[in-house]
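Here's the structure we're looking at; comments come further down.
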Amino acid sequence: MRDLKIPESRHPEKAHRKDNAQPKKPSWIRVKAPGGKGYAETHKIMRENNLVTVCEEAGCPNAGECWSQGHATMMIMGEICTRGCTFCNVATGKPDDLDAFEPGRVAHAVKKLGLNHVVITSVDRDDLKDGGAEHFAQTIRAVRHQSPDTTIEILTPDFLKCDDSVLETVVEARPDVFNHNLETVPGLYPEVRPGARYFHSLRLLQRVKELDPSMFTKSGIMVGLGEDRQAVMQIMDDMRAADIDFLTIGQYLQPTPKHHAVERFVHPDEFKDYETAAYGKGFLMVSATPLTRSSYHAGDDFAQLRKAREESLAKA
């Protein structure tokens with residue numbers, strides 16, 4: 001029986017890789033261990049509804065803070081991914097069949113938590129003809145039905161092996177924010193994100209804007225994987241050419257010795273420099289700190305994003 005709590009079972013595709021040393025984290029990376037009443041209540045609601053969260057599956061360092069405030073990022077379509085990215089802690093293998101009742105359970109949990117803003121993500125499902133696009137759409141509609149005032153942010157896979165029309169299925173469900181992470185600079189894709197294609201992911205986000213110019217688009221990258229500053233500046237330019245509104249930049253943290261090595265810990269001052277440069281390039285919203293993750297403070301960030309657009313339109 002496969003036990004996803006055991007790294008060797010969780011990541012069989014990485015078993016042949018040599019171990020990479022895990023350097024000691026600097027003071028600005030350390031976070032408090034999860035706990036408290038709010039954390040326990042969020043955990044209880046997730047288990048009662050048989051839901052998976054990327055907070056747990058990806059080992060997010062901010063889980064304690066977010067869960068204590070009743071925030072969690074729902075991960076739909078199971079806990080097993082069809083890709084084997086070398087940075088990611090989500091289990092790899094053959095996923096189970098889709099659960100037709102999952103959209104309703106997600107909607108129930110969102111209502112129970114009283115969320116003003118929810119982030120919904122998923123594993124990659126290359127085994128499905130539409131990559132899970134219809135399941136995303138059903139989940140968005142279910143949340144809208146039960147919590148009409150909740151804003152919805154989705155963080156999707158790249159739908160690389162699907163017909164182009166599947167993107168329309170997701171966009172037509174009208175999420176408030178469409179997020180798809182580029183993750184790293186193109187030169188590192190063969191090692192870090194071998195199953196993906198940089199320009200396909202970039203084009204995906206550009207097509208969202210073409211389908212619905214009013215929809216906010218968002219993407220993020222990690223640093224500390226071996227990229228240089230020039231490559232980060234270029235990816236910002238590529239994103240702006242695709243009319244992406246919101247950029248996140250965070251420090252890569254190595255889940256296990258079998259994962260891609262941390263090449264360096266980027267100092268907070270460098271993150272501040274990236275933030276300044278990104279705003280200068282025209283992003284409406286930028287979150288660039290060592291602990292930034294795609295859904296970290298997503299609700300507050302969405303409010304600022306909407307305000308930034310209003311101010312930008314007022315100046316036009």
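Some observations on this one:
- Take the conditions (1) open to solvent by 10 Å² or more (accessible area, probe 1.4 Å); (2) in contact with a strand residue (DSSP E or B) (Cβ under 7 Å, 6 or more places away or on another chain); (3) not aliphatic (A, V, I, L, M); SER165 misses just one of them, which is (2).
- Number of the condition not met by ASP130 [criteria: (1) charged (D, E, K, R); (2) in a loop (DSSP other than H, G, I, E, B); (3) at pLDDT below 95]: (3)
- Residue match in region 165-173 (condition: of a type in the set (Val, Ile, Thr) and under 27 Å from ASP300 (Cα atoms)): yes
- Residues of region 138-157 classified as surrounded by 22 or more Cβ atoms within 10 Å (Cβ to Cβ) and part of a loop (DSSP other than H, G, I, E, B), total: 2
- Counting only helices (runs of 4 or more DSSP H) wholly contained in region 19-109, the ones carrying 2 or more residues that are under 29 Å from ASP130 (Cβ atoms) and either open to solvent by 20 Å² or more (accessible area, probe 1.4 Å) or modelled with pLDDT under 60 (or both) occupy 54-57.
- Subset of region 241-275 [in a helix (DSSP H, G or I) and closer than 30 Å to LEU211 by Cα]: ALA241, TYR274, GLU275
- For region 287-302, the count of residues that are touching a Leu at 6+ places or on another chain (Cβ under 9 Å), within 12 Å of LYS218 (Cβ to Cβ), hydrophobic (A, V, I, L, M, F, W, C) and not in a loop (DSSP other than H, G, I, E, B) is zero.
- Residue list for region 223-248, filter: of a type in the set (Ser, Thr, Tyr) and surrounded by fewer than 21 Cβ atoms within 10 Å (Cβ to Cβ): none
To keep it simple, each residue is scored yes or no on (1) surrounded by fewer than 19 Cβ atoms within 10 Å (Cβ to Cβ); (2) touching a strand residue (DSSP E or B) at 6+ places or on another chain (Cβ under 9 Å); (3) free of Cβ contacts under 8 Å to residues at least 60 places away in the same chain; (4) more than 23 Å from PRO26 (Cβ to Cβ).
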site	(1), (2), (3), (4)
GLY250	no, yes, yes, no
PRO290	no, yes, no, no
SER294	no, yes, no, no
ASP301	no, yes, yes, yes
LEU305	no, yes, no, yes
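- Residue check, ARG293 touching a Cys at 6+ places or on another chain (Cβ under 9 Å) and more than 15 Å from HIS117 (Cα to Cα): yes
- Matching entry among ALA173, ALA196 (being open to solvent by 10 Å² or more (accessible area, probe 1.4 Å) and not polar (S, T, N, Q)): ALA173
- Filtered residues of region 110-136 (kept if touching a Lys or Arg at 6+ places or on another chain (Cβ under 7 Å) and open to solvent by less than 20 Å² (accessible area, probe 1.4 Å)): GLY131, GLY132
- Tabulated pairs, region 172-194, first touching a residue at least 24 places away in the same chain (Cβ under 8 Å), second among the basic types (Lys, Arg) and surrounded by fewer than 18 Cβ atoms within 10 Å (Cβ to Cβ), C-beta under 8 angstrom, 6+ apart or interchain: ALA173/ARG141; ARG174/ARG144
- Residues in region 176-188 that are open to solvent by 10 Å² or more (accessible area, probe 1.4 Å) and not in a loop (DSSP other than H, G, I, E, B): GLU183, PRO186, GLY187, LEU188.
The values are calculated or read from the model by the stated rules, or taken from the named source; none is laboratory data. Only a predicted model underlies this, so the values are computations on that prediction, with no experimental measurement involved. Positions of Cβ are generated from backbone atoms using ideal geometry, with glycine treated the same way; all protein chains shown enter the neighbour counts. In case anyone asks, the SASA skips ligands and DNA or RNA and just uses the protein heavy atoms, side chains included. Shrake-Rupley method; radii C 1.70, N 1.55, O 1.52, S 1.80 Å.
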